[in-house]
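Nothing in this text is a laboratory measurement; each read-out follows from the coordinates by a stated rule. Since the model is a prediction, treat every value here as computed from it, not as a measurement. Glycine also receives a Cβ, built like all others from the backbone with ideal geometry; neighbour counts cover every protein chain displayed.
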Amino acid sequence: MVEMISEFLASPVMGEALLPALLIGLLTASMSVMVMAHRLSFLTVGVSHASLAGLGLAVTFSLPLLPTATVFAVLIALLLALMPRKKGISEDAGTGILFAGSMALGVLLISTANSSEVDLFGLLFGNILTMSPIDLRWLYLMSALIPVIFFLSARAWWSIAFDAVTAEASGLPVSALRLLLYGLVGLTVILCVKLAGIVLTAGLMLLPAACAWFWGRSLFSLWILSVLFSLTGTLAGLFWSYIYEWPSGATVVLALCALFVMSWVLNWVKIWVSAYKV
Amino acid sequence: MTTPIVQISHLSFGPLNKPILDGINLKLEAGHFLGIVGPNGAGKSTLLNIVAGLTPPAGGHIDLFGRCLTRFSRHKLLRQIGFLHQLHDHAPRLPMRVRDVVAMGLADYTAPWRRSHHQSDIDDALNLVDMDHLADADFRHLSGGQRQRARLARALVRKPKLLLLDEPSAALDSVRQEKLFQLLRRLCDETGMSVIMVEHDIAAISSHVDSVACLNRRIHHHAMKGEDIPEDVWRAMYGDHIHIMAHDAHCIGCAPSEDEHGHHHG
């Protein structure tokens, strides 16, 4: 086992993939706390799928993949944030429509373009090893930017998730903060697409905080636990994907799922024990 | 002359042909405790939301602390207001201790760098609502009444100049309700805080408030303490099929009668 781990760490492939994957793990862990608190899991599904249209546009017009997809995803996220909630269409219906529409557009664009360049399977299910130097620089930039915004806004977002009306009445610019949150979720989702692909990204954006939800008692402890779960899942996933040559994105998501199930069972046991302990 | 805490003039809300609020004038001095009563759909919550800066009015003018409430001034003005809105089946999902819920009411809560030096304020606020023994309890595991008291502590922790309460006694039993009104009375007298409280049960509040405004689309009557509200005001507000009973100031809450509907105590 120890040999396998040292071999894993020494391998040049993993040396390249480890840092980006851990950075992504850190970013998604932070954002997933807010995704859980604001019930945005469907937004992450919608935005990640909608990014296929962005990728399709990039392929058609020979634009850089990641930045184009990012701009597109953030626009979609902001559009969803601005969608009127009370009148008109509910948020989940709006997300569903945008999700299906842009996915269809993406498929159309990619199939008509010279598709020999596009690794569709890689887009759908992710491959951390296909990050280009531009992608990497973009990831490093975002890894510096997103935590700063998160740190500055976390409590405001938390307070809005707890009670938006009171937050508004206490003078917080709720709509602007919500817009910022949606935009940031959009940004983070696109970074995950490289690791986990369009289909599996929602797993990364949700599972770390979902695991932490069983144990955390405050915003801070939730965040810490979420980061720990995320990094553990990412490391374990990469390790297994290396040892057994499994696809990296799927393995990481499965590792996180395993952590979730373990948390769930342990929490259940804890409740059970405390109920029978007189 | 001192600046009024709230001055509302010619306030209206809703479509012109069917206004929800119409021609509202109201003035509130520091330390004044105002109760607003009226039937369902009278616009009580709407009026409170407008004062809390959540809903822009269709017409009229609002001054808070001597400054006009506009889209631009609202973020600053609202920092001096505590607001407790009416709950609609609000099941808390976020893991938080009661202490953290109260901390959210602090004016600088969202600033990431300030911490912990407000602990005594939080303890004081919890103490006011008799929740100090539950400071570290999980907010999700509290009863409805305990949550309501924690929320009230959250509204009080910033020591607001103006407290807006929308049916704060809804989740409380009659003893807690009475305690709440006594607390509000004491805060008005001792700290000069002003309170606007929407309640449906005038009997429960009349011995604590300084004045009562009867609202149904417009303010039908603004009675000062000890003054009786004329019967025709009740009829104008609630319609003709209302049974008016006399009560004295010592009536605490009201024992639930067989037929509660249509009984109003004036």
task = Averaging sequence separations of C-alpha pairs under 8 Å and six or more residues apart, then dividing by the length of chain A, give the relative contact order as a whole percent.
result = 29 percent
ask   = Kirkwood hydrodynamic radius (Cα pairs, Å) of chain A?
value = 19.4 Å
Cβ-derived FRET efficiency at R0 30 Å, A:GLU7 paired with A:VAL261, nearest 0.05 = 0.60
query = What order, most packed first, do the peptides B:69-81, A:162-174 have when packing is the mean number of other Cβ atoms within 10 Å of each residue?
reply = A:162-174, B:69-81
task = Determine, at each q value in 0.24, 0.26 (inverse angstroms), the log₁₀ of I(q)/I(0) that the Debye formula gives when each Cα of the stretch B:45-124 is one equal point scatterer.
result = -1.17, -1.24
Among B:38-50, A:2-14, B:175-187, the order from most to least packed when residues are scored by Cβ within 10 Å on average = B:38-50, B:175-187, A:2-14
request  = Could you tell me the convex hull volume per residue, in Å³, taken over the Cα atoms of the protein assembly as shown?
outcome  = 193 Å³
message = If you restrict to DSSP beta bridges whose two residues both lie in the protein assembly as shown, what percentage is antiparallel, to the nearest 5?
response = 50 percent
remark   = Cα pairs beyond 21 Å in the stretch A:1-139, in percent, come to 52 percent
request  = Name all residues of the stretch B:30-49 having a backbone nitrogen under 19 Å from the label point set 7 Å from the Cα of B:ILE20 along its Cα→Cβ direction, giving them as ranges.
outcome  = B:36-49
message = Within 10 Å of each Cβ in A:206-218, how many Cβ atoms from other chains are there, averaged over the peptide?
response = 2
task = Provide the three semi-axes, in whole Å and in decreasing order, of the ellipsoid equivalent to the stretch A:180-249 as defined by the square roots of 5 times the Cα gyration tensor eigenvalues.
result = 22, 18, 8
Ordering of A:249-255, A:67-73, A:30-36, A:15-21 by burial proxy (mean other Cβ atoms within 10 Å per residue, highest first) = A:30-36, A:249-255, A:67-73, A:15-21
